[in-house]
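First the structure, in the form of structure tokens, and then the observations on it.
The values are calculated or read from the model by the stated rules, or taken from the named source; none is laboratory data. What you are looking at is a predicted structure, and each value in this text was computed from that prediction instead of being measured. Don't worry about glycine lacking a Cβ; one is built from the backbone with ideal geometry, like all the others, and counts go over all protein chains shown. Note: areas computed on protein heavy atoms with side chains; ligands, DNA, RNA excluded. Shrake-Rupley method; radii C 1.70, N 1.55, O 1.52, S 1.80 Å.
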Amino acid sequence: MEGEKEITRAPSMDDVDHTKLLDADAMKLAEMGYAQDMKRNFSVWSVLGVGFSLTNSWFGISAAMITGINSGGPLLIIYGIILIAIISTAVGISLSELASAFPNAGGQYFWANELAPKRYANFASYLTGWFAWAGSIFTSASVALAMGSALVGCWQLGHPDFTIKSWHVFVAYQLANLFCFFFNCYGKTLPKVATFTLYTSLLSFIVILITVPATAPTHQHAKFVFATFINNTGWSEGGIAFIVGLVNTNWAFACLDCATHMAEEVHKPERMIPIAIMGTVAIGFVTSWFFSIAMFFSIVGDFSEIASTATLVPILELFYRALNNKGGAIFLEVLIIATGFGCLIASHTWQSRLCWSFARDRGLPGHKWLSQVHPVLDVPVYAHFFSCLIVAVVGCLYLGSYTAFNSMVTACIVLLYVSYAIPVICLLTRGRSNIPHGPFWLGPFGLVSNIVLLAWTLFTIVMYSFPYYKPVTAGTMNYVSAVYGVVVIIIAVDWLVRGKQSYRGQATRHMEAEEVVRRESVISNSFFALTKVI
């Protein structure tokens, strides 16, 4: 009896924490060479909340709608949304198939490592991980800028004598980034925050969709909404103007890989992640398309005056002219800001998971710290802090050149597409029938989706590099090619100096996987034995 009492006291909190290793999800993860470091606190709804809150297409359209009109008019937005939604469906199918077959928080960089020929697996994976993380940083920066502009714009509308300067927006940018940082510092509340932001976005969408058209004193005719092409870019070719403006619509459907990086925080990720990805595309299309139609019908007065508003936030000016009430307009913009904060919180979740998972395989400098998960907070605190710090530094570029900053926004779209394209190329090279399929597998439709993704990636690399306006000056130049160059140089230097020798690639991980499985099995068996005695 005395010995039995001693055994009863033996299990510690560390032992209890190992119950997370007893399920099939954790054992599958161990077979990939990873321990279950994160708790699986997310449901399919909270993962969908993170995915949609980040992509949040109607919010993206509200932030970039008027800018897009200058490069194609309402016709660009209305039909551009349909085009990008079709492409995003193909992208979503491609990501969902891979996430279902290989559910891992590393997402695209892990898939590239598994699917690429052994000779190139490490470099392909390393390249993918860097492109994906860089894309996430630029995405967070673009969302923070939209929040900063909206906050300052609301102040200006209430104080007409106030003249907005770039440093005002910069300060608001930094405050928004800092405010949203704290929401990702505690793991247990994050699923609730994600679900809340999903409902906030949908509720805000409904309120604005009903209020603005209902209160607008006049409405535009259908021809303006569905058949008006506007070209204020200086490009004589309408097609080029359309493509340049398409960047803004494309931004509203970016970041579809977000849910894949939550694969180790949700049960049955091989089923739940595809649901979250495809649900994000579906909700995004419906909300953004109807939002755009409603707003275009509700434009009051001259369009050029709305585009050149002193608030620097055209959608806020549109609200003011429709409602003819500053308080009401600011209230509707606050709903957009609340939605935007949810978007930035989700973006922080996404970028921190990318940073953390990539650091586990020693893909980043300082990986010993970046790969740690706080035992109490249950989040990768160092990865989260470091990523947000980089976002804060990137924001400084807004003070130097707004055009250069816009180029980085474009880079976030293209870099993410490239990070999707690399594992898809590896998949097609290996053969779609030569990998274990997950529950989500669409066969021929998946193949077509892969081809569409690759073709669109190539298209964006070339066409999104065109200048935004002509004639081209230092102030109107598209510097996205320079951004690509800087990112590639950083990757090349880190690969040659550190990554090539230390990166934990396919061969090493497969070899270590057996040890991880054995260790977790021993822990699991020991835990069962202890609980049986108890």
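Determine whether the range 65-76 contains at least one residue that is modelled with pLDDT of 75 or more and closer than 21 Å to CYS343 by Cα. No, the range 65-76 contains no residue that is modelled with pLDDT of 75 or more and closer than 21 Å to CYS343 by Cα.
Grab the helices (runs of 4 or more DSSP H) fully contained in the range 382-474, keeping just those with 3 or more residues being under 22 Å from ASN113 (Cβ atoms) and touching a residue at least 40 places away in the same chain (Cβ under 8 Å).
By residue number, 402-430, 444-463.
In the range 402-422, the qualifying residues are those that are open to solvent by 20 Å² or more (accessible area, probe 1.4 Å) and modelled with pLDDT under 95, and the one that is nearest to the chain's Cα centre (by Cα) is VAL409. For first residues located in the range 80-97 and farther than 22 Å from VAL244 by Cβ, partners that are acidic (Asp, Glu) and open to solvent by less than 10 Å² (accessible area, probe 1.4 Å) and lie 6+ apart or on another chain with Cβ distances below 9 Å form the pairs LEU95/ASP257. The single condition among (1) within 30 Å of SER142 (Cα to Cα); (2) modelled with pLDDT of 75 or more; (3) over 17 Å from the mean Cα position of the chain (by Cα) that MET27 does not meet is (1).
Condition check ((1) at pLDDT 85 or above; (2) more than 28 Å from CYS426 (Cβ to Cβ)) across all residues:
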site: LYS20; (1), (2): no, yes
site: TYR79; (1), (2): yes, yes
site: ILE86; (1), (2): yes, no
site: TRP111; (1), (2): yes, no
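Evaluation of ILE61 against the conditions (1) out of contact with any Lys or Arg (no Cβ under 9 Å at 6 or more places or on another chain); (2) open to solvent by less than 10 Å² (accessible area, probe 1.4 Å); (3) of a type outside the set (Phe, Trp, Tyr); (4) modelled with pLDDT of 95 or more shows that the sole unmet condition is (4). When SER292, SER347 are checked against the criterion of being among the hydroxyl-bearing types (Ser, Thr, Tyr), touching a Leu at 6+ places or on another chain (Cβ under 7 Å), open to solvent by less than 10 Å² (accessible area, probe 1.4 Å) and assigned to a helix (DSSP H, G or I), SER347 stands alone in meeting it. Checking each residue in the range 423-432 for being aliphatic (A, V, I, L, M) and either at pLDDT below 95 or crowded, with 24+ Cβ neighbours inside 10 Å (or both) picks out VAL424, LEU427. If I ask for residues that are out of contact with any Leu (no Cβ under 7 Å at 6 or more places or on another chain) and under 24 Å from LEU54 (Cα atoms), which ones from the range 109-124 would you list? TYR109, PHE110, ALA112 - these are the residues of the range 109-124 that are out of contact with any Leu (no Cβ under 7 Å at 6 or more places or on another chain) and under 24 Å from LEU54 (Cα atoms). Is the range 379-400 home to any residue that is open to solvent by 10 Å² or more (accessible area, probe 1.4 Å), within 23 Å of GLU265 (Cβ to Cβ) and over 22 Å from the mean Cα position of the chain (by Cα)? No, there is no match, as no residue in the range 379-400 is open to solvent by 10 Å² or more (accessible area, probe 1.4 Å), within 23 Å of GLU265 (Cβ to Cβ) and over 22 Å from the mean Cα position of the chain (by Cα). Listed conditions (1) at pLDDT below 65; (2) among the hydrophobic types (A, V, I, L, M, F, W, C); (3) not in a helix (DSSP H, G or I) are all met by MET477, apart from (1).
In the condition set (1) over 14 Å from the mean Cα position of the chain (by Cα); (2) closer than 21 Å to CYS255 by Cβ; (3) not in a loop (DSSP other than H, G, I, E, B), ALA121 is compliant with all but (2).
Can you tell me which residue in the range 216-235 is farthest from ALA322 (Cα to Cα), limited to those that are surrounded by 15 or more Cβ atoms within 10 Å (Cβ to Cβ) and over 33 Å from the mean Cα position of the chain (by Cα)? Among residues in the range 216-235 that are surrounded by 15 or more Cβ atoms within 10 Å (Cβ to Cβ) and over 33 Å from the mean Cα position of the chain (by Cα), the one farthest from ALA322 (Cα to Cα) is GLN220. Selection over the range 245-268 of residues that are open to solvent by less than 10 Å² (accessible area, probe 1.4 Å) and part of a helix (DSSP H, G or I) gives a count of 9. Taking the criterion of being free of Cβ contacts under 8 Å to residues at least 12 places away in the same chain and in contact with a helix residue (DSSP H, G or I) (Cβ under 7 Å, 6 or more places away or on another chain), the only residue of the range 129-173 that qualifies is PHE162.
Inspect all residues belonging to the range 269-288 and state whether any of them is assigned to a helix (DSSP H, G or I) and either on the phi > 0 side of the Ramachandran plot or in contact with a His (Cβ under 7 Å, 6 or more places away or on another chain) (or both). Within the range 269-288 (the criterion being assigned to a helix (DSSP H, G or I) and either on the phi > 0 side of the Ramachandran plot or in contact with a His (Cβ under 7 Å, 6 or more places away or on another chain) (or both)), the answer is no, since none of the residues qualifies.
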